[in-house]
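J.: One structure, as C-alpha cells, below. Some questions next.
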Amino acid sequence: MNTSTNIRNIAIIAHVDHGKTTLVDQMLRQSGVFRAHEQVQERVMDSNDIERERGITILSKNTAVTYKNTRINIVDTPGHADFGGEVERILQLVDGVLLLVDAFEGCMPQTRFVLSKALELGKTPIVVVNKVDRPGARPTEVVSEVLELFIDLGASAAQLDFPVVYASSRDGVSGLEPDEMTQDMQPLFDTILEAIPAPECDADGPLQILFSTIDYDEYVGRIGVGRIVRGTARRAMQVTVCGAERQTEAKLAKLYHFQGLKRVETEEAFAGDIVAVAGIDDLSIGETACDPDCVEPLPFVHIDEPTVSMLFVVNDSPFAGREGKYVTSRNIRERLFREVMTNVSMRVNETGSTDAFEVCGRGELHLSILIETMRRQGYEFAVSRPRVIYRTDENGTRLEPMEQLTVDVPQEYVGAVMEKLGSRKAELVDMTAGTGDTRLKFLIPARGLMGYRSELLTDTRGNGVMSHIFEGYAPYKGDLPERTHGSLVAHETGETTTYGLFNTQERGRLFIGPGVPVYTGQVVGECAKSGDIVVNVCKKKHVTNVRASGSDDALRLTPHTLLSLEQCLEFIADDELVEITPQNVRMRKRVLNKEMRLRQASNKTT
C-alpha cells in the first residue's frame, strides 16, 4: 500500500449558515482558479436557484484547487440536518474534514451530527473557527466547546489532537491565532497539506472506483463521481460495474477530474484521486467499477433511514391541468423514482393506488425542497400533511423518532417557549444563559416539531432561532394537541371580491386577497374557532340605483397572510391537501363537496 503524496481529499462540514460556501469561494479565488478580472458571483458553489434564494447548500458539490504542486479536492457539503444523506455518502470520498464552527454561535446540533459521522469513519479533522471578526466572537471558548464535543463523541487520541485555524471567510483572512491574522488563506492551505494525510491506495493494483454521487449532463448523459480506490483509470477502458443487485459490463467513455468549477477531460487518472466518469448507463450510487479480471465490489456507507413521509397524489381540483406541463400519475411516478436514484436518503413506495405515492425523507425541509424543485420543472400534483414514520421493537413497543432541538431566544421569551414546547412533549436537557440570548436544548418527538417554527417566531416577536437534528427512536410519548383552529373554506368557484372578503375577515385570518380565482372546497383562511366554516368570498354586493349614505364608503381589508410552501405543509389538517402547480400553491380539502364532507364526518362518529 502506497500514498499519492500530491493529492489531498477534504470535505467541508458545518452547521447551516456558518460560512462553508463562502470559505470555498475564498479558497478558489486565492488559488488562482479565476482570472484577474473575471466577474464571479458570491457563493459561487451554490449554483442551484433554490440554494441561492434560501442561502443554504442542498446538494454536495466537488471542486479542486492546486497549492504548492499539490492537488486539493474539496467537497462542499450541506449544513442542514435534513440533507444528512448527502454528508454521509460524500465522506467516503475524502481522507479528512474541515469542521467549520461560528466564532459566536459555537457548536450547534448539525455540528454534532456531521462530526460524529466523520469520526466514525476515522477521518482526520481540522477545526476552522470562522467569523472571528464578528461582534461578540469568542473563539477561545468555542475551541473549548469543540474539544468537549470531540470527547463526548468518543474521538480517538489522534483525532483529539486537531489543529485549529482561525478565519474570516468573508474577508479572506486566516491565522493560527485569533489575534494574529494574515491577509490571505495561506495558513489554512498549509495546515491542510500538513494535517490531512495523503490518500492510501494501491496504485499498481486492478482498478476500483467507488461512486458516491450521480450527476447529469445533457450531452453525455449520466455521470458518476467517485474515488479511485485502487489502480489507474483510463479513457475508453472496459470495466465491470457491480453493486448489491447487479453486475454489468461498461466502458469509461469519458474521464474527468475537477479543476476549479469545471470538469476537465483527461486521458487517465490515478489511485487516490476523485474523478467523474461518463458512459455507464443506469449507474447507481454505491456501485463499484472494477477491472473485469478482478471483480471486487466495495462496501458502501450505511445511510440513516427516513423519518417523515407524505403522499404525492394526482391533482384532481377544478383547476387541474391549467398550469402544469406534467400532470399524470405516470409523469409523477417517473420523476419520483428518478429522484431516488440520486437522493439516497429518500424512499418512494407504491400505495396500491395508481394516483398516489408515499414519499419518505429525512424531514419536512428535505421533502419540501423536492416539491419546490418539481414545481419549477413544470409538475402539477397535490401532497398530504407530513407524517412521522413509526417503528416497533422486538417487544412490540411502538417507537417514534426523536429530535434534539436547540432554541436561542432572548431571556424575556424563555417562559413562553418552554410552555409551548412542554405541551408538545419536549423535555428540557440543558439551559445556558449567554450575554444576550439563552440557549435551550430539548429532546422532542419529531411530530411535536411540525408547525412549531411559525409559532416560535410569533411567540418571540421574530427573535427566536431554532435548529434540530435526528436523535434516535424512543417509546411513543402519547397524543399531542392538534391544530386548535379550523379552516375558512370557499363556498363556490369564482373570483374573490373585496365585498366578499370584507364580510369574511371577521371570522378569521385570510390567506388570499381580492381578484384571486378560487374553487369550491379551497382553504382561503384560518378560522378563529375550532371548526371549519364555509364562506362566500366571491359574494358581490347587490346593485341598486339608490345610493345609501355612509354604507357605500370604500371597504377596508385587513392585509392577508401569504404562506410559504413550508408554512402550508405545517398548517393543513389530515383531511386537507396542498395543491402544487408551477404558478401557485393552494390549500384545499381532500373532499371538495361540503355535503360529502359532512356525510363522511357523520359516518365516522357513528
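The values are calculated or read from the model by the stated rules, or taken from the named source; none is laboratory data. Because the structure is predicted, anything quoted here is derived from the model rather than measured. As a convention, Cβ positions derive from the backbone with ideal geometry for all residues, glycine included, and neighbour counts pool all protein chains shown. Heavy atoms of the whole protein, side chains included, go into the accessibility calculation; ligands, DNA and RNA do not. Shrake-Rupley method; radii C 1.70, N 1.55, O 1.52, S 1.80 Å.
J.: Collect the residues in the stretch 240-271 that are closer than 22 Å to Glu296 by Cα, open to solvent by less than 50 Å² (accessible area, probe 1.4 Å) and in contact (Cβ under 8 Å) with a residue 60 or more places away in the chain, keeping them in residue-number order.
T.: Here is the first cut: in the stretch 240-271, the ones closer than 22 Å to Glu296 by Cα are 240-253, 255, 268-271.
From what is left, the residues that are open to solvent by less than 50 Å² (accessible area, probe 1.4 Å) are 240-243, 248, 250, 252-253, 255, 269, 271.
Correct list: Ala271 only.
J.: Name the residue, out of Val348, Val295, Val314, Val327, that is touching a residue at least 60 places away in the same chain (Cβ under 8 Å) and of a type in the set (A, V, I, L, M).
T.: On the way: Val348 fails: touching a residue at least 60 places away in the same chain (Cβ under 8 Å); Val295 fails: touching a residue at least 60 places away in the same chain (Cβ under 8 Å); Val327 fails: touching a residue at least 60 places away in the same chain (Cβ under 8 Å).
Only one candidate qualifies: Val314.
J.: Name the residue that is farthest from Glu492 (Cα to Cα), counting only residues in the stretch 300-322 that are polar (S, T, N, Q) and in a loop (DSSP other than H, G, I, E, B). Talk me through it step by step, then tell me what you get.
T.: Step one: list which residues in the stretch 300-322 are polar (S, T, N, Q), which gives 307, 309, 315, 317.
Checking which are in a loop (DSSP other than H, G, I, E, B) leaves us with 307, 315, 317.
Numbers: Thr307: 38, Asn315: 19, Ser317: 13 Å.
If we take residues in the stretch 300-322 being polar (S, T, N, Q) and in a loop (DSSP other than H, G, I, E, B), then Thr307 is farthest from Glu492 (Cα to Cα).
J.: Is it the case that the stretch 543-560 has a residue that's in a strand (DSSP E or B), within 19 Å of Arg509 (Cα to Cα) and either at pLDDT 90 or above or more than 37 Å from the chain's Cα centre (by Cα) (or both)?
T.: At the first step, the residues of the stretch 543-560 found to be in a strand (DSSP E or B) are none.
The answer is no; no qualifying residue exists.
J.: Sticking with this structure for a sec: Given the criterion at pLDDT 85 or above and open to solvent by less than 20 Å² (accessible area, probe 1.4 Å), identify the matching residue among Gly96, Gly85, Gly106.
T.: Working: Gly85 fails: at pLDDT 85 or above; Gly106 fails: at pLDDT 85 or above.
It is Gly96.
J.: Which of the residues that make up the stretch 241-272 are of a type in the set (S, T, N, Q) and in a loop (DSSP other than H, G, I, E, B)? I'd like the intermediate steps shown before the answer.
T.: Step one: list which residues in the stretch 241-272 are of a type in the set (S, T, N, Q), which gives 247-248, 259, 266.
Thr266, the sole residue that qualifies.
J.: Could I ask something else about it? Could you tell me how many of the residues in the stretch 303-360 are touching a Pro at 6+ places or on another chain (Cβ under 6 Å) and over 21 Å from Arg588 (Cβ atoms)?
T.: Qualifying residue count for the region: 4.
J.: Continuing with the same structure: Take the residues in the stretch 217-240 that are part of a loop (DSSP other than H, G, I, E, B) and among the aliphatic types (A, V, I, L, M); name whichever of them is nearest to the chain's Cα centre (by Cα). Can you show your working first?
T.: Here is the first cut: in the stretch 217-240, the residues part of a loop (DSSP other than H, G, I, E, B) are 218-220, 231, 235-237.
Applying the additional criterion that residues be among the aliphatic types (A, V, I, L, M) yields 220, 236-237.
Values: Val220: 28, Ala236: 37, Met237: 37 Å.
This residue is Val220.
J.: In addition: Provide a single number: the residues in the stretch 463-511 that are assigned to a loop (DSSP other than H, G, I, E, B), under 25 Å from Ser564 (Cβ atoms) and among the charged types (D, E, K, R).
T.: Qualifying residue count, the stretch 463-511: 2.
J.: Follow-up. Which one is farthest from Glu492 (Cα to Cα), of the residues in the stretch 565-606 that are hydroxyl-bearing (Ser, Thr, Tyr) and exposed (fewer than 14 other Cβ atoms within 10 Å of the Cβ)? Full working, then the answer.
T.: Taking the stretch 565-606 as the starting set, the residues that turn out to be hydroxyl-bearing (Ser, Thr, Tyr) are 581, 602, 605-606.
Within this subset, residues satisfying the condition of being exposed (fewer than 14 other Cβ atoms within 10 Å of the Cβ) are 602, 605-606.
On the way: Ser602: 23, Thr605: 27, Thr606: 29 Å.
The qualifying residue farthest from Glu492 (Cα to Cα) is Thr606.
J.: Same structure again: Could you list, in sequence order, all residues of the stretch 442-482 that are open to solvent by 40 Å² or more (accessible area, probe 1.4 Å) and hydrophobic (A, V, I, L, M, F, W, C)?
T.: Hits for the stretch 442-482 are Leu443, Leu457, Val465, Phe470.
J.: Which residues, taken from the stretch 479-499, are of a type outside the set (D, E, K, R) and in contact with a strand residue (DSSP E or B) (Cβ under 8 Å, 6 or more places away or on another chain)? Walk me through it before giving the result.
T.: Let us first name the residues in the stretch 479-499 that are of a type outside the set (D, E, K, R), namely 480-481, 484-491, 493-494, 496-499.
Of everything in the stretch 479-499, those that are of a type outside the set (D, E, K, R) and in contact with a strand residue (DSSP E or B) (Cβ under 8 Å, 6 or more places away or on another chain) turn out to be Leu480, His485, Gly486, Ser487, Leu488, Val489, Ala490, His491, Thr493, Gly494, Thr496.
J.: Return the residue satisfying two criteria in turn: it lies in the stretch 1-21 and is modelled with pLDDT under 70 and hydroxyl-bearing (Ser, Thr, Tyr), and of such residues it is farthest from Asp171 (Cα to Cα).
T.: Step one: of the stretch 1-21, the residues modelled with pLDDT under 70 are 1-4, 16-18.
Restricting the remaining residues to those that are hydroxyl-bearing (Ser, Thr, Tyr) gives 3-4.
On the way: Thr3: 35, Ser4: 33 Å.
Filtering first and then ranking leaves Thr3.
J.: Take the stretch 338-391 and flag every residue that is part of a loop (DSSP other than H, G, I, E, B) and under 29 Å from Ile90 (Cα atoms). Walk me through how you get there before you give the answer.
T.: Initially, the stretch 338-391 is screened for residues part of a loop (DSSP other than H, G, I, E, B), giving 343-346, 351-355, 362-363, 377-378, 380, 384-386, 389-390.
Residues satisfying the conditions are Asn343, Val344, Ser345, Met346, Arg362, Gly363, Gln377, Pro386, Ile389, Tyr390.
J.: Can you report the number of residues in the stretch 185-204 which are buried (at least 16 other Cβ atoms within 10 Å of the Cβ) and either closer than 23 Å to Cys294 by Cα or touching a residue at least 24 places away in the same chain (Cβ under 8 Å) (or both)?
T.: Residues in the stretch 185-204 being buried (at least 16 other Cβ atoms within 10 Å of the Cβ) and either closer than 23 Å to Cys294 by Cα or touching a residue at least 24 places away in the same chain (Cβ under 8 Å) (or both): 10 in total.
J.: Do you know which of the residues in the stretch 273-293 that are in a loop (DSSP other than H, G, I, E, B) and modelled with pLDDT of 85 or more is least open to solvent (accessible area, probe 1.4 Å)?
T.: Keep residues of the stretch 273-293 that are in a loop (DSSP other than H, G, I, E, B), which gives 273, 279-287, 291-293.
From what is left, the residues that are modelled with pLDDT of 85 or more are 273, 291-293.
Details: Asp273: 15, Asp291: 36, Pro292: 56, Asp293: 149 Å².
The residue in question is Asp273.
J.: Here are some conditions: (1) modelled with pLDDT of 85 or more; (2) over 27 Å from Ile303 (Cα atoms); (3) surrounded by fewer than 19 Cβ atoms within 10 Å (Cβ to Cβ); (4) within 30 Å of the chain's Cα centre (by Cα). Val165 meets all but one. Which one does it not meet?
T.: (3)
J.: Which one of Ser116, Ser144 is surrounded by fewer than 20 Cβ atoms within 10 Å (Cβ to Cβ) and either modelled with pLDDT under 85 or under 24 Å from the mean Cα position of the chain (by Cα) (or both)? Full working, then the answer.
T.: On the way: Ser144 fails: either modelled with pLDDT under 85 or under 24 Å from the mean Cα position of the chain (by Cα) (or both).
That would be Ser116, the only listed residue that is surrounded by fewer than 20 Cβ atoms within 10 Å (Cβ to Cβ) and either modelled with pLDDT under 85 or under 24 Å from the mean Cα position of the chain (by Cα) (or both).
J.: Can we say Ala137 is assigned to a loop (DSSP other than H, G, I, E, B), buried (at least 17 other Cβ atoms within 10 Å of the Cβ) and small (Gly, Ala, Ser)? Outline the logic, then answer.
T.: Working: assigned to a loop (DSSP other than H, G, I, E, B): yes; buried (at least 17 other Cβ atoms within 10 Å of the Cβ): yes; small (Gly, Ala, Ser): yes.
In short, yes.
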